[in-house]
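Remarks on the structure that follows.
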Amino acid sequence: MEFENILIEKEEKLAVITINRPTKLNALNKPTIKELHKALVELEEDHDIRVVIITGSGEKAFVAGADIKEFSDFNLKEGATLAAKGQELLFDYIQNYNKPVIAAVNGFALGGGLELAMASHFRTASTNAKMGLPEVTLGLIPGYGGTQRLTQLVGKGRAMEMIMSAEMITAETALAYGLVNHVVEQAELLPFTKKLASKIANNSASAIMRAIKAINANFKENVNGYHEEIKFFGECFETEDFKEGTTAFLEKRKPNFKDHN
């Protein structure tokens, strides 16, 4: 499939999606959100791909926000629809994706860009990365899940400060907050993230899929995460990966996990 705003590179069990709008600092607009959704659907069906990495083109920005021209004249209904559709098509879709999604934050991740990174299962960052939610400077609040996910990741007090002050934080501060897992030099960001993704890709895809669902259950209303864990743990016993993993352990060899099951 041909895309106008993103690039896809496949390398063994990994896929790298690069948001490719460098003249706009990779800002998210409706076409880009739709293309990201289509690409993720396509990659989910590709059994050779075990892990997806999302990054931005160039050295300045991961995603420097949303395309403000798109919604500068919106009314209440149009604004709410924009947020609802974006969350459904991309941000919630990534959070609940069956394969691990890692955001490699290679520069500015602001507004919708930080929300995209936070929707991913975890984040790596380059030393020059800057992150923030500046929506209140536009008379808005984050609308793609930012108020919820930032609070889950860094705690209520820090989320309140970041959102209300609209200040950017450095990669080192993001690391201290637990917003990102690793910080490396920009030249090392993709190689480092790919190496980490490869470790994940060698593990059981079926178990990882259930781990994602179980972890996400902790953040859903009226859902008992412990009960969900029990259910998914039980399901693992019916998989080929369980048979292979336990057999390999008993035979003192590395497991050879097949496609998603």
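The values are calculated or read from the model by the stated rules, or taken from the named source; none is laboratory data. On a predicted model such as this, the values are computed, not experimentally measured, just so you know. In this analysis, Cβ positions are derived from the backbone assuming ideal geometry, glycine residues included, and neighbour counts consider all displayed protein chains. All accessible areas refer to the heavy atoms of the entire protein, side chains included, with ligands and DNA or RNA removed. Shrake-Rupley method; radii C 1.70, N 1.55, O 1.52, S 1.80 Å.
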Quiz prompt | Conditions (1) open to solvent by less than 60 Å² (accessible area, probe 1.4 Å); (2) closer than 21 Å to residue 93 by Cα: number failed by residue 193 | solution = (2)
Exercise. Kindly check whether there is at least one residue in the range 72-84 that is out of contact with any His (no Cβ under 8 Å at 6 or more places or on another chain), closer than 16 Å to residue 39 by Cβ and either open to solvent by less than 30 Å² (accessible area, probe 1.4 Å) or not charged (D, E, K, R) (or both).
Key: no
Practice problem: Among the residues of the range 115-135, write down those that are open to solvent by 20 Å² or more (accessible area, probe 1.4 Å) and out of contact with any Asp or Glu (no Cβ under 7 Å at 6 or more places or on another chain). | Solution: 121, 122, 128, 130, 134, 135
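For every residue, the table says whether it meets (1) among the polar types (S, T, N, Q); (2) open to solvent by 10 Å² or more (accessible area, probe 1.4 Å); (3) in contact (Cβ under 8 Å) with a residue 12 or more places away in the chain; (4) not in a strand (DSSP E or B).
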{"residue": "55", "(1), (2), (3), (4)": "yes, no, yes, no"}
{"residue": "86", "(1), (2), (3), (4)": "no, no, yes, yes"}
{"residue": "90", "(1), (2), (3), (4)": "no, no, yes, yes"}
{"residue": "93", "(1), (2), (3), (4)": "no, yes, yes, yes"}
{"residue": "137", "(1), (2), (3), (4)": "yes, yes, yes, yes"}
Quiz item: Can you name the number of the only condition in (1) surrounded by fewer than 22 Cβ atoms within 10 Å (Cβ to Cβ); (2) within 16 Å of the chain's Cα centre (by Cα); (3) over 24 Å from residue 76 (Cβ atoms) that residue 148 fails?
Solution: (3)
Quiz item: Looking only at the range 98-119, which residues are outside any strand (DSSP E or B) and under 16 Å from residue 152 (Cβ atoms)?
Solution: 114, 115, 116, 117, 118, 119
Practice problem: Give the residues of the range 75-126 that are among the basic types (Lys, Arg) and touching a strand residue (DSSP E or B) at 6+ places or on another chain (Cβ under 7 Å), sorted by residue number. | Solution: 99, 123
